[in-house]
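Encoded as structure tokens, the structure appears first; notes follow it.
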């Protein structure tokens, strides 16, 4: 059964409470994208917004930091209610210390692989069993509404091999970006354990689609 981290970026932002309540029975996480206008050009979801919607649901929050100087964003989002924080290593002063900081605060940590990142960057984290999630992006960071890059499937297979090498099968492989009806079954077959549906969750057929995703 596939896990779902439902992206609030695709929700009606003027009625987040209602949107959250509508889909929360299908959500293992709510996925919150954070953009600082520098690492990606978009400004997205700040700690005050996360804190405001935290009271609407008990579903855990996954916060995806697309920010320069990522370390400075970790504590504010944990204080706002984040349960899992995903980081881009090239946006950190020291990615290893950033992940350790998340774990020391009792939260789960993920590293995001952009389409052109070398998966070897994950090895030091697997050696010390620091990661809970590896997020494989099917599009470039901060891109919305684009189809999945075909290279994503090879990337997922390669990550799966690396997990086996380090006896890290407990790590969740997550697919984010380009999640479409025609891609999800192949993603799950490739080894993805958690999907990040956005528009699929909040369109007219959203609840039916989410029920189908959870059955995979």
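Coordinate-derived values only; no laboratory data. Predicted, not measured: the structure shown is a model, and the values here were computed from it. Quick reminder, even Gly has a Cβ in these numbers, built from the backbone with ideal geometry, and neighbours come from all protein chains shown.
Here are the numbers for the structure shown:
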| item | result |
| --- | --- |
| Residue count for the range 174-185, restricted to those that are exposed (fewer than 14 other Cβ atoms within 10 Å of the Cβ) and either without any contact (Cβ under 8 Å) to a residue 12 or more places away in the chain or not in a loop (DSSP other than H, G, I, E, B) (or both) | 3 |
| Selection status of residue 148, at negative phi, surrounded by 19 or more Cβ atoms within 10 Å (Cβ to Cβ), free of Cβ contacts under 8 Å to residues at least 40 places away in the same chain and part of a loop (DSSP other than H, G, I, E, B) | yes |
| Residue in the range 127-138 that is in contact with a strand residue (DSSP E or B) (Cβ under 6 Å, 6 or more places away or on another chain), within 21 Å of residue 62 (Cα to Cα), in contact (Cβ under 8 Å) with a residue 60 or more places away in the chain and surrounded by 13 or more Cβ atoms within 10 Å (Cβ to Cβ) present | yes |
| Among residues of the range 185-216, those that are under 17 Å from residue 160 (Cβ atoms) and touching a helix residue (DSSP H, G or I) at 6+ places or on another chain (Cβ under 8 Å), counted | 7 |
| Answer from 78, 74, 49 - the residue that is surrounded by fewer than 18 Cβ atoms within 10 Å (Cβ to Cβ) and either more than 19 Å from residue 107 (Cβ to Cβ) or without any contact (Cβ under 8 Å) to a residue 60 or more places away in the chain (or both) | 49 |
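Quick grid of which residues meet (1) in contact (Cβ under 8 Å) with a residue 40 or more places away in the chain; (2) surrounded by 15 or more Cβ atoms within 10 Å (Cβ to Cβ); (3) within 19 Å of the chain's Cα centre (by Cα); (4) more than 23 Å from residue 66 (Cα to Cα):
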| position | (1), (2), (3), (4) |
| --- | --- |
| 167 | no, no, no, yes |
| 172 | yes, yes, yes, no |
| 190 | no, yes, yes, yes |
| 204 | no, no, no, yes |
